[in-house]
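Asker: Take a look at this one; I'll ask things after.
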Amino acid sequence: MLATYLKSLNENDRSLYNEGEDVIQGLIQSPKTLPPKYFYDDYGSELFEQICELSEYYPTRTEAWILRQYADEIAQITGNCELVELGSGSSTKTLFLLDAYQKIASHCRYIPIDVSHGILKSSVLKLQQKYPNFFVEGLIGTYEQALIKLESTFAASRMIFFLGSSLGNFNPRECDDFLRQITRTLQAGDYFLLGIDLQKPKEILEPAYNDSQGVTAAFNLNILSHLNWRFQGNFDLSLFTHQAIYNENDAQIEMYLHCQKSHEVSLEALDLQVSFAGGESILTEISRKFDLVNMQKQLETHGLKTLKTWTDPNQWFGLILCQA
């Protein structure tokens, strides 16, 4: 039965990891970088779910508060439509939206998309039990694959939503490319719901990415474990330490792995040898923090007109509902 509801976008297509070309390019340059998509093997996805429960990590609970308060209003504005979620994870916060759409429609189609097979399989099974009148079809793949391969909808309209402030992981050029893809995928009248983390003092931001329990550190280091098994590597995780800092000039969190001593690493499947110097760092993720008004202007340049925005009382996080 699961085969009916879980589909890979990667069959006969190795573009999910570009066969490691992005890893090669990131590790041969200076300073070194790694694409954050490699955080999300099954274990990395489990660790991220744990991060979302941490007291220091405000984004998840803050966005959840907004959705709890305003999901019914979002559903009323869009009416019944096909729901497509990019980077769905466990779909925990999405329950507020699904509950709201269940109130206005007896049937609905929900398409969660994630690179992690394990967490997607688990969430699809749970959701199909919780919402027996909904058609839930999980798609395994990246955002790019999903937006290219997403089939036409038979519903009157579609809403693509991108929650959890993941847009912040894109640099400005990548952000523009992503929004262009969104616009190309949507038909006139379709909707786009975007979650963004708003700018705030570093005293709030830095603890959220350097938690006292070390879960974020484990999540960051797991990117090396993922490369080890995927590309036959020999990264020694004990030679790297985690740090996240807030770059106030660029309004972004920067997450690093710092090398503790000089050594060599090989990734046999990529035919790659990499030299690390003591004190050298790998940038594994950025998390940009946005201005709500400026983001609406940027969306407008891509043909996405803001219908309404919602924030929490502290104005730490924002939701923007747009229409193509």
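Quick note: the coordinates plus some simple rules give every number you see, no bench work behind them. Small disclaimer: the values here were computed from a predicted structure and weren't measured. As a convention, Cβ positions derive from the backbone with ideal geometry for all residues, glycine included, and neighbour counts pool all protein chains shown.
Asker: With the Cα gyration tensor of segment 194-276 giving a ≥ b ≥ c as the square roots of its eigenvalues, does the rule (a/c under 1.5 for rounded; else a/b larger than b/c for prolate; else oblate) give rounded, prolate or oblate?
Answerer: prolate
Asker: Please provide three numbers in whole Å: the alpha-carbon extents of segment 211-324 along the principal axes, with the largest listed first.
Answerer: 52, 32, 25
Asker: Can you flag which of Lys32/Lys200; Lys103/Lys305; Lys93/Lys149; Lys37/Lys289 are past 21 Å Cα-Cα?
Answerer: From the list (Lys32/Lys200; Lys103/Lys305; Lys93/Lys149; Lys37/Lys289), the Cα-Cα distance tops 21 Å for Lys32/Lys200; Lys103/Lys305; Lys93/Lys149.
Asker: Here's something else I'd like to know. Once R0 is set to 25 Å, what does the formula 1/(1 + (r/R0)^6) return for the Cβ-Cβ distance between Lys126 and Ser55, expressed as a FRET efficiency to the nearest 0.05?
Answerer: 0.45
Asker: Can you figure out the FRET efficiency of Glu19 with Glu174, using R₀ = 22 Å and their beta-carbon distance, to the nearest 0.05?
Answerer: Once rounded, the FRET efficiency stands at 0.65.
Asker: I've got another one for you. Counting Lys +1, Arg +1, Asp -1, Glu -1, what net charge surrounds Ile74 among other residues with beta carbon under 15 Å of its beta carbon?
Answerer: Value of the local net charge: -2.
Asker: Now for a separate question. Over the Cα atoms of the chain, how large are the radius of gyration and the largest Cα-Cα distance (Dmax), in Å?
Answerer: Both quantities, over Cα of the chain: 19.7, 61 Å.
Asker: Under the rule of -39500 (n - 2.57) per DSSP H run of 4 or more residues, summed and divided by the residues of the chain, what mean residue ellipticity at 222 nm is obtained, to the nearest 500 deg cm²/dmol?
Answerer: Taken over the chain, the calculation gives -11500 deg cm²/dmol.
Asker: Can you return the lysines within cross-link range of Lys121? Criterion is Cα-Cα under 16 Å, with same-chain partners fewer than 8 residues away left out.
Answerer: Lys121 reaches Lys7, Lys130.
Asker: Would segment 261-324 count as rounded, prolate or oblate if I go by the C-alpha gyration tensor, calling it rounded below 1.5 in a/c and otherwise prolate when a/b exceeds b/c, oblate otherwise?
Answerer: prolate
Asker: In the chain, which whole DSSP H runs stretch at least 18 Å along their own axis (Cα) and average 0.0 or higher on the Kyte-Doolittle scale?
Answerer: Passing helices, by number: 215-231.
Asker: Same structure again: What order, most packed first, do the peptides 93-100, 201-208 have when packing is the mean number of other Cβ atoms within 10 Å of each residue?
Answerer: On the way: 93-100: 20.2, 201-208: 14.6.
Highest-to-lowest ranking by the protection proxy: 93-100, 201-208.
Asker: Quick one: length gained pulling Glu203 to Asp291 fully straight, 0.36 nm per residue minus the C-alpha distance?
Answerer: 29.9 nm is the gain from fully extending Glu203 to Asp291.
Asker: Run the numbers for Gln187 and Lys261: contour at 0.36 nm per residue of separation, minus the present Cα-Cα distance, in nm.
Answerer: 21.4 nm
Asker: At R0 = 35 Å, how high is the FRET efficiency between Lys308 and Glu151 if r is their beta carbon distance? Nearest 0.05 is fine.
Answerer: 0.80
Asker: Put +1 on the Cβ of every Lys and Arg and -1 on every Asp and Glu Cβ in segment 188-300; which of Gly233, Phe290, Cys259 then has its Cα farthest towards the positive end of the dipole?
Answerer: Among Gly233, Phe290, Cys259, the one farthest towards the positive end of the dipole of segment 188-300 is Phe290.
Asker: Of the residues Ser225, Ser152, Ser166, which exhibits the maximal mean-square fluctuation in a Gaussian network model of the chain defined by a 10 Å Cα contact cut-off?
Answerer: The residue with the greatest mean-square fluctuation here is Ser152.
Asker: Can you compute the modelled spin-label distance between Asp42 and Asn80, with each label point 7 Å from Cα toward Cβ, in nm?
Answerer: A separation of 3.7 nm, rounded to one decimal place.
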